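One structure is given below, encoded as structure tokens.
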Amino acid sequence: MYPDFSYILHGLLGIPPDNVFAVIKTFGLFLGLAFIASARLTYSELKRKTAKGILQGREEKVVVYQPLTLKDILLQTGIQFIIFAKLIYALQHGNAFIADPASIIFSTKGAYLPGLGVAFLYFLYYYFKLQKQSDHTVRYQTAMVNPQDRIFEITSVAAIYGLIGSKLFSILENLDSFFKDPLGEFFSGSGLTIYGGLILAFIMVYRYVDQKGIRPLHVMDAVAPALMVGYCVGRMGCHLSGDGDWGIVNELAKPEWFVFPDSWWSNHYPHNVLKEGIQLENCSWNYCKQLFPGVFPTPLYEVIMAGIITLILWLLRVHIHRAGVLFFLYCTLNGIERFFIEFIRVNPRYHFLNVTLSQAQFIALGLVLTGLVGMIYFWKKNIPN
């Protein structure tokens, strides 16, 4: 496994791990790639729908000149203070930062006195620049803004609220840990629940595009393949880093029909980022643990299934001409995939109406039901797409 980028380089080039590249964590790297992949597919679909006339842009006033104000300078000074306080502290505690960047970034730790000094110099520079400013008029220009031109804003909203939602749902699954250390648990870089992120991100993106006059139903169809490819790439990060999203113990003999590598049947996740399991022999690196016995590599299974679902949605997007149907097909397929994979995953179980399932399975059942009802409803409604 590859807990951080230094281990990836070791696997590719043989460079000893636990070097400066260890600051790039594998899960975070793939999370970023997931957003990039999702944004790329969304942009392509929004552009296609705009070209076909399904979505329309609108004229807006765009700021072409914004004079400096004291309020802006104070806000930016505050931001610079935080950035430099964290940056200087990270440089002073390089080993701790490389080992766990989130423990410094998402905490109260910081070199605040040096950071204040840098921020004060920043303030003085722009304050004197403000005094010399002669043009105090905000200037606008009317421009046509198409839906695909908003891809940065859409992705930013999805990313921010996706991470918040993921963390909130993770806290609900681990209330004991949260009550012991509320701030530490909330601001830690670990513990993200994908469904929480999807739900909150969907609500906020829907709200954003509706405010911008873009028809949300058509945007929902446009993002369906993008959501699935993001899930696919993100789960690859879970698998490669060994972040704990693995399955239950699998000591079953590999069946003859299973033609894939042994590690696809039962995986020990050596060098996993959680440092769980037994000590690896002759290993002196930072990550020297592996699981024993092996477990089902469920993230890998989800990568494969999510990839197949992405391909299905991508091919069907130009053949389904009823708006809303593709998105609710995504809900159905996503829910089915997650519901069944949970039976061999390690997750807390909850009891409800004599049924014992994981949080994700209850949500998955809701997704399947919502997807089926949505597909039937919008198929009958027959809104051109």
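What follows is calculated from the coordinates using simple rules that are stated; it is not laboratory data. In this text the structure is predicted, and so the values were computed from the model without any measurement. Every residue, glycine as well, gets a Cβ built from its backbone with ideal geometry; the counts of neighbours run over all protein chains shown.
Structure notes:
- Ordering of 310-319, 290-299 by packing is 290-299, 310-319, highest average first (other Cβ atoms within 10 Å, averaged per residue).
- Eligible aspartates and glutamates near Lys61 by straight Cα distance, threshold 19 Å, same-chain separation 8 or greater: Asp149, Glu153, Asp210
- Entries of Lys71/Lys167; Lys25/Lys109; Lys86/Lys275 with Cα pairs more than 30 Å apart: Lys71/Lys167
- Unit charges at the beta carbon, dipole of the chain: most positive-side option, Pro384, Ile194, Asn272: Pro384
- Taking the Cα centre of the stretch 67-137 as origin and assigning +1 to Lys and Arg Cβ atoms and -1 to Asp and Glu Cβ atoms, the resulting dipole is close to 100 debye.
- Residue separation of Thr370 and Ile203 scaled by 0.36 nm, minus their Cα-Cα distance, works out to 58.6 nm of gained length.
- Positive end of the dipole of the chain (Cβ unit charges, origin at the Cα centre): among Tyr301, Tyr122, Ala323, the Cα lying farthest that way belongs to Ala323.
- The chain: calculated mean residue ellipticity at 222 nm from DSSP helix runs of at least 4, using -39500 (n - 2.57): -19500 deg cm²/dmol
- Spatial separation of Cα centroids for the stretch 306-372 and the stretch 91-105, in angstrom: 38
- Cysteine residues of the chain whose Cβ has no partner cysteine Cβ closer than 4.7 Å: Cys232, Cys238, Cys331.
- Note on Ser263 and Ile278: the model spin-label points, each 7 Å out from Cα along the C-beta direction, lie 1.9 nm apart.
- What you get for the chain, charging only the Cβ of Lys and Arg (+1) and of Asp and Glu (-1), is a dipole of about 1540 debye around the Cα centre.
- Mean Cβ neighbour count within 10 Å, used as a protection proxy, ranking 272-285, 130-143 highest first: 272-285, 130-143
- Efficiency of FRET from Cβ geometry, His321 and Asn19, R₀ 56 Å, rounded to 0.05: 0.55
- Debye intensity ratio in log₁₀ form over the Cα atoms of the chain, taken at each q of 0.07, 0.10, 0.12, 0.13 Å⁻¹: -0.41, -0.82, -1.11, -1.23
- q = 0.28 Å⁻¹: log10 I(q)/I(0) that the Debye formula gives for the stretch 29-96, counting C-alpha atoms only: -1.08
- When each of the peptides 45-52, 374-381 is scored by the mean number of other C-beta atoms lying within 10 Å of its residues, the order from highest to lowest reads 45-52, 374-381.
- Three-way shape call for the stretch 34-150 based on the alpha-carbon gyration tensor, with the a/c threshold at 1.5: oblate
- FRET efficiency, Leu116 to Ile164 (Cβ-Cβ, R0 30 Å, nearest 0.05): 0.55
- Cβ-based charge dipole, the stretch 67-137, positive-most Cα from Gly94, Gln131, Thr69: Gln131
- Legend: calculated FRET efficiency, Lys381 to Asp149, from the Cβ-Cβ distance at R0 = 30 Å, rounded to 0.05, equals 0.55.
- Two-decimal log10 I(q)/I(0) for the stretch 272-365, as the Debye equation yields it once each C-alpha is a single scatterer, q = 0.10, 0.15 Å⁻¹: -0.45, -0.78
- Were the residues from Gln92 through Val62 laid out at 0.36 nm apart, the gain over their Cα-Cα distance would be 6.5 nm.
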